[in-house]
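Participant: Sharing a structure with you now.
FYI, it's all coordinate maths here, none of it is from the lab. Since this is a predicted model, take the numbers as computed values, not measurements.
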Amino acid sequence: MAKKRGQSALQPGMRIGYLELLEETNQWGKWNCCCGCGNIVVRDYSSLLRSKEKGALSSCGCLMQYRQLDAQIKQAREKQLKVTKELARLLDLKVMIEKQKASR
């Protein structure tokens, strides 16, 4: 494709976060990109350039899903830890009661 004014900052093959720029689309300012997870997405020039300048991690949306999944796993582990501590406390209490009954 012919170079458009001001668009030399992005080139095919360039990586911005998890996205690899494949080619400019027929629509002005839009790029086909391949995410590291394999999805093909279309991103506009300005958002790609902004991500490049800020050093932000760009993806097809999979990164947000991974972060949400990590947060859910962390919450589940914390909940499991609380349940385990409560169970241990109750078991200790049971043992203490059984000792008191045995000593009577």
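Participant: Taking H placed 1.01 Å from N in the peptide plane, check which residues at least 5 places from residue 17 or on another chain put their amide H under 5 Å from its amide H.
Facilitator: Correct list: 58.
Participant: Quick check: the angle from helix 62-103's long axis to the longest principal axis of the chain, C-alpha only, nearest 10 degrees?
Facilitator: 0 degrees
Participant: Counting each pair of different Cα atoms once, what's the Kirkwood radius of the range 1-60 in Å, rounded to one decimal?
Facilitator: It is 11.3 Å.
Participant: Here's a follow-up. Just how many pairs of Lys in the chain have C-alpha atoms closer than 28 Å, counting pairs that are eight or more places apart or on different chains?
Facilitator: 16
Participant: Tell me the mean residue ellipticity at 222 nm calculated for the chain from its helices only (DSSP H runs of n ≥ 4, each -39500 (n - 2.57), averaged over every residue, nearest 500).
Facilitator: Values: 2 runs with 52 residues, N = 104.
Calculated from helices alone, the mean residue ellipticity at 222 nm is -18000 deg cm²/dmol.
Participant: State the extension gain, in nm to one decimal, for the chain segment bounded by residue 41 and residue 14, taking 0.36 nm per residue of separation less the distance between their alpha-carbons.
Facilitator: Stretched out fully, the residue 41 to residue 14 stretch lengthens by 8.2 nm.
Participant: Right, another one. Tell me the label only: which of [x] 2, 11, 15, 14, 9, 6, 6, 5, 5, 5, 4, 4, 4, 4, 3, 2, 1, 1, 0; [y] 2, 12, 25, 27, 21, 10, 1; [z] 2, 11, 16, 16, 14, 12, 9, 8, 6, 3, 1, 0, 0 is P(r) over Cα pairs in 5 Å bins from 0, in percent as calculated from this structure?
Facilitator: [x]
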